[in-house]
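The values are calculated or read from the model by the stated rules, or taken from the named source; none is laboratory data. Note that the structure is predicted; figures quoted are calculated from it, not measured. Note: ideal-geometry Cβ built from the backbone for every residue, glycine included; neighbour counts use all protein chains shown. Each accessible area value is taken on the protein alone, full model and side chains, heavy atoms only, with ligands, DNA and RNA left out. Shrake-Rupley method; radii C 1.70, N 1.55, O 1.52, S 1.80 Å.
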Amino acid sequence: MRNFWSVLLLVLLPLATRAQATEGPELARLVRQVHLAAGQELPAPLLREAHRSLGTARRAFNQAPGSVYLLARVLNDSATPELVVVAVEAWQGPTLRGRIVRTEAGRTAATAPVEFAEAAVQDWLLLYPDGREEGNRLGRFWDLEERLANRGE
């Protein structure tokens, strides 16, 4: 019986960590930035670097030390490509499954399920339970862009 509880805890703990990270301010800011960047061209050097380092996100997902979020261009309900933040739930070969993260009524939550190819990934964000983050090149670029715009006002 003790083994059962240990196994249950090992299975549920990563899921609880992922659910908690959905509420973090870093993720909420990224979801807002992605919404504001709709239709904009993304900087090619940042996309290349994100693709080059995507293996880091894959390894982190397989080891489950934190929560993995991907920025991916997927088809929306009207079959138009849309840049979204996805909370990764499964990563098997070149196919990923997860839930689109949106902010609704002031709350950030993973909502609609989505499946897409690894080639659709534009960037990745790894959030650790202690608040550290890794990746998020586009988010940091948008942060810098916002700071520079505010400084000029």
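For segment 27-121, relative contact order (Cα pairs under 8 Å, six or more residues apart, normalised by length) works out to 23 percent.
Using a probe of 1.4 angstrom and keeping all protein chains present, the accessible surface of segment 31-71 works out to 54 square angstrom per residue. Summing Cβ point charges (Lys, Arg +1; Asp, Glu -1) relative to the Cα centre of segment 48-118 gives a dipole of roughly 240 debye. Would you work out which of LEU148, TRP124, GLY135 lies farthest towards the positive end of the dipole of segment 102-153? Charges go on Cβ: Lys and Arg +1, Asp and Glu -1. Checking the options against the dipole of segment 102-153, the answer is LEU148. Along segment 78-84 the Karplus relation, 6.51 cos²θ - 1.76 cosθ + 1.60 evaluated at θ = phi - 60°, assigns HN-Hα couplings of 9, 6, 10, x, 9, 7, 9 Hz to successive residues, with x for each Gly and Pro. In this Cβ point-charge picture (+1 for Lys and Arg, -1 for Asp and Glu), segment 42-83 has a dipole of about 260 debye about its Cα centre.
Other residues lying with their Cβ under 9 Å from the Cβ of GLY139 contribute a combined charge of -1, Lys and Arg counting +1, Asp and Glu -1. Name the residue farthest towards the positive end of the dipole of segment 22-104 from the options LEU75, LEU27, GLN92, assuming +1 on Cβ of Lys and Arg, -1 on Cβ of Asp and Glu, about the Cα centre. Of the listed residues, the answer is GLN92. Working note: Karplus 6.51/-1.76/1.60 with θ = phi - 60° gives segment 119-127 the couplings 5, 7, 5, 9, 6, 9, 9, 10, 9 Hz, where Gly and Pro are set to x. Surface composition of segment 73-142: carbon and sulfur make up 49 percent of the accessible area, probe 1.4 Å. A simple count of charges around LEU125, restricted to other residues whose Cβ falls under 12 Å of its Cβ and scoring Lys, Arg +1 and Asp, Glu -1, yields 0.
Principal semi-axes of the equivalent ellipsoid, √(5λ) from the alpha carbon gyration tensor of segment 48-142, are 19, 16, 14 Å from largest down.
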